[in-house]
Structure formats: C-alpha cells, structure tokens
Amino acid sequence: MCLCGSKTKLLLIALVFAGCRSIQKPAKIDRLALVNRNNVLVEQLDTLASLSVGNGEFTFTTDITGLQTFYKEYENGVTLGTQSNWGWHTFPNTENYTLAECTKYFDYRGRKVPYLVQFPGNGRDAGAASYFRENPQRLQLGVIRLLLKKADGTEVKLTDIQSPKQQLNLWEGRISSEFSVEGQPVKVEVFCHQEKDMVSAKISSPLIEKGQLKVEWIFPYAVAVNTHSGYDFTSPDEHQSQLEKVNENSAKILRTLDNDHYQVKLQWEETANLDETEKHHFVLSSKSGTISFSCLFSPEENPEALPTFAETETNNLENWKNFWITSGVVDFSACTDPRAKELERRFVLSQYLTKIQSSGSLPPQETGLVYNSWYGKFHLEMHWWHTAHFANWNHPEYLEKQLDWYQTIYHKALETAKLQGFKGVRWPKMVGTEGQNSPSGVGSFLIWQQPHIIYMAEQLYRSNPSPEILNKYKNLIFATADFMADFAVPDSTGKVYHLVPPLIPAQEHWNRVTTMNPPFELAYWHWGLSVAQEWRKRLNQTTDSHWDEVLNGLPAPVQENGLYLGIANAPDSYSNPAAMKDHPMVTGTLGILPLWDKIDPEVMLNTLKVVMQKWDWPSTWGWDYPMVAMCATRLNEPEIAIEALLKDVQKNTYLKNGHNYQSEPLRIYLPGNGGLLKAVSLMCAGWEGCTTENPGFPEDGKWAVKWEDLKKDF
C-alpha cells in the first residue's frame, strides 16, 4: 500500500473506521467437535504439561498421575498448586513496621507528593518496604497425592510411571489419567466442583487392595518469596493441622497459620480409614479396589455433607456444556493456512484457562491459582489483559464479579488520592484482597491502570444498557475521572494539558522523573474522560466542564520523522536500541483503543512497521503480541496481525496445556491468554463502525474463519 498523499490518509482513516469487506452471516459451528479436537493429551513425562481443573475461585493442578503425587519434581515446571481467592496468609508484623516508613516524596507541580517505594540496603525503611510487599501472600492450601509403593515397599518415583496417558476433556472439565506401576494399572479421574472449592477424585487399581496405593494429604506453611510454588514443608512447627473425625466416612482438618485459619473437609464413599501418619500428613487407605473422595477447602466450617464424585461429575458436565454453548467460538477447521490449527488450539485452551483461573470474584494474579508470582498478589494494570475479553466472548458476568471488588477498596483508593493531594480515587497497582498498594519503585508510578475501571464498566453497560449498571458503577467512574482530570497539568496558556512526572508509562523502562506525555496514556486519558462524560449524559446529569477542558486539551502524541515516539521527550526513539525494548506500547494507542482524532493512521502504520522490523522482541511480554495484532487489525494489515499474534519468540510460547510460557521463573502468564482472546475477537468481529468480516485475517482464500457470539470492540 502506498503511504503518500492526502488520498492515502483519507483511505486509511476510512479503513480504520469501517474496513472494506461486507459482513456475512456466520455459519453454524459444531461446538462439541471444535472443543473436543483441542482436548489436551499427555503421553510422556513433562513437568511443563501439568493440567488443572477449577471454577474461577479455586484451582487444583495435577501431575501425570491425576493428583499431585510428584509435587517436588514439578516445582521447576508448572507447579502443582491448590489455590483459592480467599486463601491468604500474613506473617506477624513483629517489627511494627508502618507504611510511612516506605514513603518517599517526589516533586509534582512544585509540591511534594508521597509515594510508597522500595529502599536499598538493610535499614528499617528497606525492611518496612519488604514487609508490605511480601504480605499478604497467597496460600497453597495443601497437596493431595497418591502414596504409591512398589512391591518391595519403596516409594514409586516419577520415572517408575509406565505408559502414561492423561487427557483434559474441555467439554466436561474432566482430567482422566491412566498409567501402570510394575505392570499394575492405575486409573484416576478428577473434577473440581463448579460452585464449591472442592476436588472430587475416583481412583481404581488393584494396588489399592494390596496396600500399595493410598491417598495422602500434606499441608505446608506459607512462604514469602516473589515467584515461588508458595509452600514451605520445612517448618512443621510454625503451623497446625488438627484432625477431627466426623463419622466413618468423613473428617475435617483444621488449619492454623499464625492468625489465619481455614478448614479442609474430607468425605469418602468406600470403607476406608484416614490416619495422621506424621505432623501435617494424613493418609486415606482402603481394602477395596477403588477410592472415591471429595475434598472441600473452606475459610470457615461447613457442616453439610459434600457432593459425591458422581454428583460432582454431573455438576461439571452440566456447567461446562453450558459454558461452551453460550461462549463466543471461532472455527478454523476450514482454513488452509498452516498457522490456523495452532491459533485455534491456543485460543480454545485460553478460553478454558481463563475460565478456571480468571473468572472469579477477584482480579487474577499473573500466574492465576497455580503458583505465586509477586507473592500471589494481582496487578491492576494487568486486570484489563486478564478480563476485558470476557464481554467480547459473551461472558460479561465474569467481568461484573470482579468489578464489584473495586467497590470494596474504594475507600483505599480515595485515601491514596487525598494523601497525594488529588481529587477522586487513585487505584493501586500490586495488591491483595485488602487493596493496599505495595511499595515499588515502578508500580507506584504507573498510571495506565486508572482508566481500566471505566473501560470495563463501559463493557458491562454495552452488554446490558440499563439504569442498574449506570447507578451501580457511576461513583467509581466519576471518582476515577476526577483523579484523571486533576492529574493532568495545564500549560501556561491553561488550554493544553500534559501528563507529567513523576510517572512511569506502560513501557516501563522510561525514567519516572523525566517522562512526559506517553502516547498510550494520552489516548487512554482522552477515551476514559470522554466515556465518563457519556455516563453523565446517560444519567441526565450535566457534563463536567473541567473534564471537557482536559480531554479536549490533551496534546497529540509527539512524532518525529513520521513515527510516533515512545514518550514526548524521547527524540530518536527508533535509532536508539535502548528505547525499543519492553512493551511496544505505542501500538496500543490504536489497537487497545479506537481511533482518536489526534492520531494519524498513516503515522501509526509507519510506526507499526518499524516496530515489527526493529523492536527488541526478546524483551517483550506475552500480551504484547496480541496488542500489536490489534493495532495491525485496526490499520487493515491482517497479515501483520497474524505475524504478530504467532511471532516466534520465547515469550509467545504456548505449552501443551495452553499456558503462555515467559521464562524459567515465570512459566505461565495469564495476561498472554487473555490478550490472545481479546485480539482474536477483534480480528473476527471487528469494532463499532467496522463493516469488515474478519478484518484481522488475510483475504487470500486460506482463512475461511467462522465464528459465533462474539461482540464488537469499541
């Protein structure tokens, strides 16, 4: 495409708004066939191929045996986790640290503004910052494993597992595992109840009658390490596990870790015995050929009988079928491009993984409910990447559950803004359930999470344009807009508003005390304030005059030599390799967001092509490839969109289980999965005003993409 002259510019603008091919009615898709052809089959020992069952609030991850038999061996793979949204632990604050000790002041418009930061060295300020970063941390609730013995009485090792065959049935939410030990067969089926934080399993083997196969529960202490499996089995005296028998088929284990408590309730169906074999170790044994049990993890006592394995199976068959028949789906079976099959596998598995890991009542951590990253806390600038796709894929109810959590931390965000001298609410970055921002030299200065609440609430309104939605979220929207407008600084004319330091943009390597007007944040500020004004109109309120002054006064992103710069004061960005690393966030300016009238599509297209050619791709992250693909899609460059989405770089690796691998410490990364789903929906359904069918796929006869129940983007 020639990029010269005013006609080209008008054409690009027209394409960005509308596309160039007519919408066709999608063909009916065989959803069962689509899902089942992407079931996961594991037939060799692979510690990165762990499989999980879950319900969004609770997830249980298994090894090749179907339980967590070899949890130690999997620590350097995809860890075998048992985690929930309610399961947190806080180490006692024995040093009486205070948040004031983590505070450092920075100049903003001539006044001193406090920020929670990390301090070097071993002083008290460094200790305080570490304490509040590390606490609370998410708990691993316990290990459930097969206690397997050979005929000679020695314990079975991972390498002793013979002829393994493990399948994740996505349509049913079932993990089925078959293998042999010394020629003796073992079969294990596992489900997670879809309304309870409960695992149900059925184990069949002649080894049970011989006393060579039992089920063991092991309970750990908490650990405060940034990226870690989340358990400590070396401190048995630091916590308590108290066994109480309920009846001959049921028992409960009361857990205490410092000031935190929870209960584990067990129920089994056959004649069996549960015994405490050592501190924090409990073994269920039977003389029959089968052991069937249900295990509920709960923050409080639950006196009710648990569902049986059969009841949990039925619960899953009903709920997972309903999920798949109501979700948006995309069928690539008629495509002849060799990349299509892998793309379909990635997004189908991402639908499953985001359902079990990211659809609960809290924003997810980046490693979901598998193992801890950043101590198990979640990052609100990543919330968009985890969750914004749900509305596009016809499940806004998952998004709504998480937005309700923002109501619970409103007072914290209000307090932060007030302490810093701003109006409205300033949302934190790295938090636990209580909403307290964690000290950080980077996170405390990020601002791009602020409009997320406006974006996601607007998604809910578009899904259900009702007074109930408007009234439910209006206070969050308006207080967020108040902060955004107050944060922008007018120049000497009072007509142009700038985003000024201290701030760190989404492309995080820029200096927090010199960065000005990053392009994505400028566009997001404009979009967010514009939508907040629309909410006022929908509620028959007058628009806010100051919001209008700011959104109309925001400058266009700075360009140089026909390319948009990473920040306003970064000349020669594309001749300086140090500037072309981390997130290529400039592409999100028209990709994540729709076209702003101060964005020139021709300049953005030039920028996109240079990014594709020159960017330091190994320094990028899993959600960067979908972001670039969305930019390419909106610019009518579908081949670039496909290239970006499937770019051959380590952090765009998708494991057998569908997880987005980043690095040895960060072996799964759910923002990549959520971003992929967001990009695919845009590439299929387009955006408001787009009249293109499948605008993100080349019209070369090789991409016969069919889809149903996807919603347009903004």
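The values are calculated or read from the model by the stated rules, or taken from the named source; none is laboratory data. The structure presented is a predicted model; accordingly, all values stated were derived computationally and were not measured. We place every Cβ from the backbone using ideal geometry, glycine too, and count neighbours over all the protein chains shown.
Kindly evaluate E270 against the criterion of being farther than 24 Å from T59 by Cβ and either surrounded by 15 or more Cβ atoms within 10 Å (Cβ to Cβ) or free of Cβ contacts under 8 Å to residues at least 24 places away in the same chain (or both).
Yes: the conditions hold for E270.
Tell me, please, whether a residue that is β-branched (V, I, T), touching a residue at least 40 places away in the same chain (Cβ under 8 Å) and crowded, with 16+ Cβ neighbours inside 10 Å can be found in the range 278-289. Spell out the reasoning first.
Of the range 278-289, the ones β-branched (V, I, T) are 283.
Checking which are touching a residue at least 40 places away in the same chain (Cβ under 8 Å) leaves us with 283.
Filter once more, keeping what is crowded, with 16+ Cβ neighbours inside 10 Å: 283.
The answer is yes, given that some residue of the range 278-289 is β-branched (V, I, T), touching a residue at least 40 places away in the same chain (Cβ under 8 Å) and crowded, with 16+ Cβ neighbours inside 10 Å.
For the range 306-324, how many residues are crowded, with 18+ Cβ neighbours inside 10 Å and not in a helix (DSSP H, G or I)?
Final tally of qualifying residues: 2.
Based on this model, can you work out whether S530 counts as without any contact (Cβ under 8 Å) to a residue 12 or more places away in the chain and surrounded by fewer than 19 Cβ atoms within 10 Å (Cβ to Cβ)?
Details: without any contact (Cβ under 8 Å) to a residue 12 or more places away in the chain: no; surrounded by fewer than 19 Cβ atoms within 10 Å (Cβ to Cβ): yes.
Judged against the criteria, S530 is not a match.
Does T691 satisfy the criteria of being without any contact (Cβ under 8 Å) to a residue 24 or more places away in the chain, at negative phi, surrounded by fewer than 22 Cβ atoms within 10 Å (Cβ to Cβ) and among the hydroxyl-bearing types (S, T, Y)?
Criteria not met by T691.
Quick check, is A417 closer than 22 Å to Y461 by Cβ, small (G, A, S) and out of contact with any Cys (no Cβ under 6 Å at 6 or more places or on another chain)?
no
Is there a residue in the range 615-622 that is more than 17 Å from E366 (Cα to Cα) and crowded, with 24+ Cβ neighbours inside 10 Å?
Scanning the range 615-622, I find no residue that is more than 17 Å from E366 (Cα to Cα) and crowded, with 24+ Cβ neighbours inside 10 Å, so the answer is no.
Quick one: count up the residues across the range 147-157 that are buried (at least 20 other Cβ atoms within 10 Å of the Cβ) and touching a helix residue (DSSP H, G or I) at 6+ places or on another chain (Cβ under 9 Å).
1
Within the set of pairs 6 or more residues apart or between chains, which connect a residue that is within 22 Å of W374 (Cβ to Cβ) inside the range 422-436 to a residue that is surrounded by fewer than 20 Cβ atoms within 10 Å (Cβ to Cβ) and small (G, A, S) with Cβ atoms less than 7 Å apart?
So the pair list comes out as P428/G435.
Among S6, S52, S22, which is the only one that is modelled with pLDDT of 95 or more and either part of a helix (DSSP H, G or I) or of a type in the set (S, T, Y) (or both)?
S52
Return yes when Q407 is surrounded by fewer than 24 Cβ atoms within 10 Å (Cβ to Cβ) and within 24 Å of L99 (Cα to Cα) and no when it is not.
Judged against the criteria, Q407 is a match.
Just for the range 176-191: of the residues that are in a strand (DSSP E or B) and among the charged types (D, E, K, R), which one is surrounded by the most Cβ atoms within 10 Å (Cβ to Cβ)?
E189
Specify the residue that is surrounded by the fewest Cβ atoms within 10 Å (Cβ to Cβ); the eligible residues are those in the range 545-566 that are closer than 21 Å to E602 by Cβ and of a type in the set (A, V, I, L, M).
Looking at the filtered set, the residue picked out is A556.
If E195 satisfies every condition in (1) under 27 Å from N39 (Cβ atoms); (2) touching a helix residue (DSSP H, G or I) at 6+ places or on another chain (Cβ under 9 Å); (3) among the charged types (D, E, K, R); (4) crowded, with 16+ Cβ neighbours inside 10 Å but one, which is the exception?
Going through the list (1) under 27 Å from N39 (Cβ atoms); (2) touching a helix residue (DSSP H, G or I) at 6+ places or on another chain (Cβ under 9 Å); (3) among the charged types (D, E, K, R); (4) crowded, with 16+ Cβ neighbours inside 10 Å, E195 breaks only (4).
Within the range 62-117, count every residue that is surrounded by 20 or more Cβ atoms within 10 Å (Cβ to Cβ), among the polar types (S, T, N, Q) and farther than 21 Å from L257 by Cβ.
3
Being of a type in the set (S, T, Y), assigned to a helix (DSSP H, G or I) and over 19 Å from G588 (Cα atoms) is the filter here, so list the residues in the range 364-408 that pass it.
Y375, Y398, Y406, T408
When you go through (1) crowded, with 16+ Cβ neighbours inside 10 Å; (2) closer than 26 Å to V246 by Cα one by one for S327, which number turns out not to apply?
The failed condition is (2).
Return yes when V113 is touching a Lys or Arg at 6+ places or on another chain (Cβ under 8 Å), among the aliphatic types (A, V, I, L, M) and more than 23 Å from V190 (Cα to Cα) and no when it is not.
no
So A568 ticks every box in (1) within 24 Å of D486 (Cβ to Cβ); (2) assigned to a helix (DSSP H, G or I) but one. Which box is left unticked?
Among (1) within 24 Å of D486 (Cβ to Cβ); (2) assigned to a helix (DSSP H, G or I), A568 violates only (2).
Would you point out the residue of the range 462-480, among those that are hydroxyl-bearing (S, T, Y) and farther than 16 Å from D544 by Cβ, that is surrounded by the most Cβ atoms within 10 Å (Cβ to Cβ)?
Per the stated criteria, the residue is Y473.
Counting only residues that are assigned to a helix (DSSP H, G or I), in contact (Cβ under 8 Å) with a residue 60 or more places away in the chain and not polar (S, T, N, Q), how many does the range 601-629 have?
Step one: of the range 601-629, the residues assigned to a helix (DSSP H, G or I) are 601-614, 617-619, 624-629.
Checking the rest, the ones that are also in contact (Cβ under 8 Å) with a residue 60 or more places away in the chain come to 601-602, 605-606, 629.
If we keep only those that are not polar (S, T, N, Q) as well, we get 601-602, 605, 629.
Residues flagged as assigned to a helix (DSSP H, G or I), in contact (Cβ under 8 Å) with a residue 60 or more places away in the chain and not polar (S, T, N, Q) within the range 601-629 amount to 4.
Restricting the search to the range 623-644, which residues are over 13 Å from P584 (Cβ atoms), in contact with a Gly (Cβ under 8 Å, 6 or more places away or on another chain) and buried (at least 22 other Cβ atoms within 10 Å of the Cβ)?
T633, R634, N636, A641, I642
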